[in-house]
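Novice: One structure, as structure tokens, below. Some questions next.
The values are calculated or read from the model by the stated rules, or taken from the named source; none is laboratory data. Please read these numbers as outputs of a predicted model, since none were measured by experiment. Methodologically, a virtual Cβ is constructed for each residue, glycine included, from the backbone with ideal geometry; neighbour enumeration extends over all protein chains shown. Calculation scope for accessible area: heavy atoms of the full protein, side chains included, ligands and nucleic acids excluded. Shrake-Rupley method; radii C 1.70, N 1.55, O 1.52, S 1.80 Å.
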Amino acid sequence: MKRAVLGLALIALTLLGAGSSSAEDFTLTTLAGYKGGAGFRVAGSVGNFAQGFPLAIELGITHIRLDPGRALDVRKIFINDATNGTPDKSGWIWGFHLDFLFPVRWLGLQNAQFYLGVRRSLFTGEFIYVGGNEDFEIISNQWGVGTGLRSTFPMGRIMGLTLSAGLDYYPNAVLTGHDTSYGPDGDNVNDREGFTFKEADSAVNQPKFQPMFMVGLSFRL
């Protein structure tokens, strides 16, 4: 799957480069909103790169801040049974997407597009136990798929207001932290006795189903 995604990305980059020479083909979009947490997205898309071809291709990056999980359970599952220290936590995701965009007419929207594509999620949850001498990260890297609908409302010759709503899905992936890892196939490393991937996955908020609602601006370059 990784080779297929890299191949599609290479094709998309080639098309983006070719399409950017036309002022009407290339669009830059910046969005902010919710995708499992508060965040923003920057993406570039190209269309009309082949005569009569109805689809556009988009590449983009998303950054999300979110609750990484239950700090006390994470400590037990990945380290030990100690309870000293005041838990502090933060979490974030860097996400990358490659989408194919299809023009559609829905609810009377004139500039709507249905999109479908692949996702790459890099999740990090940082857990700090102030006064307990513990500070570590839980990470997971996932491939996924996503779909949704967006519409752009013109605000001038080159700028428009864009609304986007969608849903991404990520299969379970290995959770790693503090020299311990839990895999969905039961292949664990230095796992704590009595704990499995099920408990680790329940304690850590790596993405699974992620609804997305964002609003922002699009610019035709």
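Novice: For n ≥ 4 DSSP H runs only, could you compute -39500 (n - 2.57) per run for the chain, divide by its residues and tell me the 222 nm figure to the nearest 500?
Specialist: Numbers: 3 runs with 33 residues, N = 221.
Helices in the chain give a 222 nm mean residue ellipticity of -4500 deg cm²/dmol.
Novice: Let me ask another. Equivalent ellipsoid semi-axes for the range 109-214, as square roots of 5 times the alpha carbon gyration tensor eigenvalues: give them largest first, rounded to whole Å. Show your work: numbers first, answer last.
Specialist: Working: eigenvalues 298, 56, 17 Å².
Gyration-tensor ellipsoid for the range 109-214: 39, 17, 9 Å.
Novice: Would you work out what percent of the accessible area of the chain, with all protein chains in place, is carbon or sulfur (probe 1.4 Å)?
Specialist: Values: 7050 of 11510 Å².
Its accessible area is 61 percent carbon and sulfur atoms.
Novice: Calculate the spin-label point distance for Phe114 paired with Asp179, positioning each point 7 Å from the Cα along the beta-carbon direction, and give it in nanometres.
Specialist: 5.2 nm
Novice: Using 0.36 nm per residue of separation minus the Cα-Cα distance, give me the extension gain between Val42 and Met159 in nm, one decimal. Before the final figure, lay out the partial values.
Specialist: Working: separation 117, 0.36 × 117 = 42.12 nm, distance 1.50 nm.
Stretched out fully, the Val42 to Met159 stretch lengthens by 40.6 nm.
Novice: If we restrict to alpha carbons, what Rg and Dmax does the chain come to, in Å?
Specialist: Using the Cα atoms of the chain, the pair Rg, Dmax is 20.5, 66 Å.
Novice: Also: Which parts of the range 100-133 would a label at Thr147 reach, counting a residue when its backbone N lies under 20 Å from a point 7 Å out along Cα-to-Cβ?
Specialist: Of the residues in the range 100-133, 100-109, 112-121 have backbone N under 20 Å from the label point off Thr147.
Novice: Cα axis of helix 2-19 to longest principal axis of the chain: angle in degrees, 0 to 90, nearest 10?
Specialist: Helix 2-19 and the main axis of the chain meet at about 30 degrees.
Novice: Related question: Please work out the average accessible area per residue across the range 138-204, using the 1.4 Å probe convention, and give it in Å². Don't skip to the end; give the middle numbers.
Specialist: Working: 3470 Å² over 67 residues.
It amounts to 52 Å² per residue over the range 138-204.
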